[in-house]
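Coordinate-derived values only; no laboratory data. Remember, it's a predicted structure, so these values are computed and weren't measured experimentally. A quick note on method: Cβ atoms are made from the backbone with ideal geometry, for glycine too, and the neighbour counts reach across all protein chains shown.
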Amino acid sequence: MAESAPVGNHGPSLRIDKFLWFVRLAKSRSMAQKMAEDGHIRLNGRRIERAHAPVRTGDLITFPHHHGVRVVRVVQLPGRRGPAPEAQSCYEELKLGD
């Protein structure tokens, strides 16, 4: 289940490493943690260097993927690492330039 935001009324959030793993954008949670800690991920345009950065509905995540860059918008926070169709319903793929 998604974790609640500790302060303020920003709504529920989920660690970025868990989000990327739950929605199958990273093969493992440790791979997602490494991507975040190495500074390869941008959250709403800002570079992050910690795996526990909170992700909320509506956030934009930019990260390297294979031979290019992917940009996704968070549509909903997943409660688990489910099957691919369930995972894909949690984000919207954006094309660069959108």
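Worth a mention:
- Farthest positive-ward along the chain dipole, Cα basis, beta-carbon charges - from LEU43, LEU60, SER28: SER28
- In segment 8-98, the inverse of the mean reciprocal separation of distinct Cα atoms equals 13.0 Å; this is its Kirkwood hydrodynamic radius.
- Peptide ranges 55-68, 13-26 listed from the most packed, as the mean C-beta count within 10 angstrom indicates: 13-26, 55-68
- Scalar couplings 3J(HN,Hα) for segment 41-58, obtained by applying the Karplus form with A = 6.51, B = -1.76, C = 1.60 to θ = phi - 60°, are 10, 10, 10, 6, x, 9, 5, 10, 10, 9, 6, 9, 4, x, 10, 10, 4, x Hz; x denotes Gly and Pro.
- Under 5 Å between amide hydrogens, built in the peptide plane, is the criterion, and for ILE41 it picks out ILE48 among residues at least 5 positions away or on other chains.
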